[in-house]
Amino acid sequence: MDARLDSEERLREGLAELVARDPALARAVAEGSVPALRKRPEGFAGLAWIVVGQQVSVASAAAINARLEAALPEMTADALRVASDETLRAAGLSRPKIRTLRAVAEAVATGALPLAELGTMPADDARARLVAVHGIGPWTADVYLLFCLGHADAFAAGDLALQEAARMIYGLEARPDAKALVALAEGWRPWRGVAAKLLWAHYRRVTGRAGTGETT
């Protein structure tokens, strides 16, 4: 089974290894970019939180999630399946996100997406099961693996805040795209998840704006 980020001690262990092997990351930490564990519940509620956050600001995602939780106090696949489109739109969900959440709920109901079992799978296998669901892309799958399941090596290379933080930390002329960031992150295995949390912390410290990893 892949290593898990299930405690502050594990986070610090991974951070110590990264700092020891990468001077640029060590400098960022010394300047005050210190990551926090920050976990979300696994299961449908955690995955729904991530879907809501796709391609919107952190503030917008928080507002929509608050309205959605008020409308559906028990955020389960069954509750989502019976909720009307009108209820979901009133919470602020777009039509594509409604379709995605319904696809996830249906996949859970049929067993195509065994959310309760993903935590026992290797990260790559769990990721494959997630992206097989319509509307679940690599970013959503990677963020779920990191924040809900705690896979220590999960890494959302498509996240713009991570890309921008890498540009700043390494003094790059241009922000690396997902492919370039994947290549850069190879040197951080098996702690790419810790590196992601560090990059998000750096992004917030420098820009004053919260990225995915700096929400609660």
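For the chain, the longest principal axis of the C-alpha atoms and the axis of helix 160-170 are separated by about 0°.
Pop the C-beta distance of GLU186 and ARG12 into the FRET formula with R0 = 25 Å and round what comes out to the nearest 0.05.
Working: r = 23 Å, r/R0 = 0.90.
After rounding, the FRET efficiency stands at 0.65.
Over all Cα atoms in the range 109-198, the spread is summed up by Rg and Dmax: 13.9, 48 Å. Scaled to the globular estimate 2.2 N^0.38 Å, the Cα spread of the chain, given as radius of gyration, is 1.02. Estimated at 0.36 nm per residue, the fully extended path between ARG4 and ASP124 surpasses their Cα-Cα distance by 41.8 nm. Comparing PRO41, ALA24, LEU5 along the charge dipole axis of the range 1-55, the residue lying farthest to the positive side is PRO41, per the Cβ-charge model. Stretching the chain fully between ALA112 and VAL131 yields a gain of 5.7 nm (0.36 nm per residue, less the alpha carbon separation).
Once the mean of 1/r is taken over each pair of separate Cα atoms and inverted, the range 1-111 shows a Kirkwood hydrodynamic radius of 16.4 Å. Please name which of ALA174, GLY187, VAL206 has its Cα lying farthest along the dipole of the range 162-216 towards the positive end, using unit charges on Cβ (Lys, Arg +1; Asp, Glu -1) and the Cα centre as origin. The Cα lying farthest towards the positive end belongs to VAL206.
For the range 89-192, the fraction of 1.4 Å probe accessible surface lying on carbon and sulfur atoms is 56 percent.
Please give the peptides 129-137, 168-176 ranked by average Cβ packing (other Cβ atoms within 10 Å per residue), highest first, as a rough proxy for protection.
Values: 129-137: 17.0, 168-176: 13.1.
Taking the mean over residues of other Cβ atoms within 10 Å, the ranking is 129-137, 168-176.
Using a probe radius of 1.4 Å on heavy atoms only, what accessible surface per residue do you get for the chain? Whole Å² is fine.
Values: 9880 Å² over 216 residues.
Spelled out: the 1.4 Å probe surface of the chain, per residue, equals 46 Å².
Report, in deg cm²/dmol and to the nearest 500, the calculated mean residue ellipticity at 222 nm for the chain, where each DSSP H run with n ≥ 4 adds -39500 (n - 2.57) and the sum is divided by the residue count. It would help to have the intermediate numbers written out before the result.
Numbers: 13 runs with 131 residues, N = 216.
Calculated mean residue ellipticity at 222 nm is -18000 deg cm²/dmol.
Length gained on full extension, VAL82 to LYS179: 31.0 nm, using 0.36 nm per residue less the C-alpha separation.
The values are calculated or read from the model by the stated rules, or taken from the named source; none is laboratory data. Everything quoted here is computed from the prediction, not taken from an experiment. Neighbour counts run over all protein chains shown; Cβ positions are idealised from the backbone, glycine included. Heavy atoms of the whole protein, side chains included, go into the accessibility calculation; ligands, DNA and RNA do not. Shrake-Rupley method; radii C 1.70, N 1.55, O 1.52, S 1.80 Å.
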